[in-house]
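Shown next, in structure tokens, is the structure this report addresses.
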Amino acid sequence: MLDLAVLTLIATLLCLQSTILDAKLLVWEDGRPTIAFGPHYGKSMYEVANNELGYVNKMLASSSGDSAHLAEFNICLGLAILAEDEDCFNATISKRYGPAPHECDEHVEISLEVDGCRDYQEAHFVASCGICAADLSESIQEWADDREPDSEDEGWY
Ligand SMILES: [Zn+2]
């Protein structure tokens with residue numbers, strides 16, 4: 001069985017690998033896939049793909065056979081045009097290449113799960129990263145366990 005810590009580490013490494021997409025034609029900038037070359041350098045790919053038809057046509061017409069990276073770039077342009085909205089596009093890119101670089105700690109999403117039956121119930125927190133879905137429950141649990149209960153907390157359960 002894979003240890004939770006190992007899984008978390010793998011998730012972290014995956015995040016690190018995604019700091020720059022393969023050929024740096026496209027990079028994550030403020031959580032948006034951003035074009036990193038040519039006339040639209042520094043602009044959101046989603047916006048360019050949906051507003052700069054001339055550019056898109058030129059890119060798609062260029063012989064992408066010359067470069068696997070360029071072909072990949074053009075696929076992304078197509079994905080940007082087909083995407084329902086920018087969030088969908090970002091999610092697609094994130095799935096394809098790995099999530100945008102981020103600190104999992106800063107995107108913690110916590111939910112409360114209740115186990116048990118009618119007579120005995122136990123609640124525990126389930127925490128995960130909102131971006132890469134890394135399981136952060138253990139660190140949240142440690143934080144909760146370390147916390148010295150105040151006298152006011154008595155009877156909290
Ligand atoms: Zn994360």
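In the stretch 104-124, what residues are part of a strand (DSSP E or B) and under 27 Å from Gly31 (Cα atoms)?
Correct list: Val108, Glu109, Ile110, Ser111.
Considering only residues of the stretch 125-144 that are assigned to a strand (DSSP E or B) and open to solvent by less than 60 Å² (accessible area, probe 1.4 Å), which is modelled with the lowest pLDDT?
If we take residues in the stretch 125-144 being assigned to a strand (DSSP E or B) and open to solvent by less than 60 Å² (accessible area, probe 1.4 Å), then Val126 is modelled with the lowest pLDDT.
Given the conditions (1) away from the ligand (no atom under 14 Å from the Cβ); (2) surrounded by fewer than 16 Cβ atoms within 10 Å (Cβ to Cβ), which single one is not true for Asn90?
(2)
Going through the stretch 48-58 one residue at a time, which ones are assigned to a helix (DSSP H, G or I) and touching a residue at least 12 places away in the same chain (Cβ under 8 Å)?
Those that are assigned to a helix (DSSP H, G or I) and touching a residue at least 12 places away in the same chain (Cβ under 8 Å): Val48, Ala49, Asn50, Tyr55, Val56.
Show the residue pairs that are 6+ apart or on different chains and have beta-carbon atoms under 7 Å apart, the first residue being within the stretch 126-146 and charged (D, E, K, R), the second being open to solvent by less than 60 Å² (accessible area, probe 1.4 Å).
Every condition considered, the pairs that remain are Asp135/Leu4; Asp135/Thr8; Asp135/Ser128; Glu138/Leu4.
Which residue pairs have Cβ atoms under 6 Å apart, sit 6 or more places apart or on different chains, and have a first residue in the stretch 102-119 that is within 16 Å of the ligand (Cβ to nearest atom) and among the aromatic types (Phe, Trp, Tyr) and a second that is modelled with pLDDT under 85 and open to solvent by less than 100 Å² (accessible area, probe 1.4 Å)?
none
Tell me which of these Gly116 doesn't satisfy, since it passes every other one: (1) under 12 Å from the mean Cα position of the chain (by Cα); (2) on the phi > 0 side of the Ramachandran plot; (3) surrounded by fewer than 17 Cβ atoms within 10 Å (Cβ to Cβ).
Of everything listed in (1) under 12 Å from the mean Cα position of the chain (by Cα); (2) on the phi > 0 side of the Ramachandran plot; (3) surrounded by fewer than 17 Cβ atoms within 10 Å (Cβ to Cβ), Gly116 misses just condition (1).
The values are calculated or read from the model by the stated rules, or taken from the named source; none is laboratory data. On a predicted model such as this, the values are computed, not experimentally measured, just so you know. Reconstructed Cβ throughout: ideal geometry from the backbone, glycine too, with neighbour counts over all protein chains shown. Accessible surface areas use protein heavy atoms only, side chains included; no ligands, DNA or RNA. Shrake-Rupley method; radii C 1.70, N 1.55, O 1.52, S 1.80 Å.
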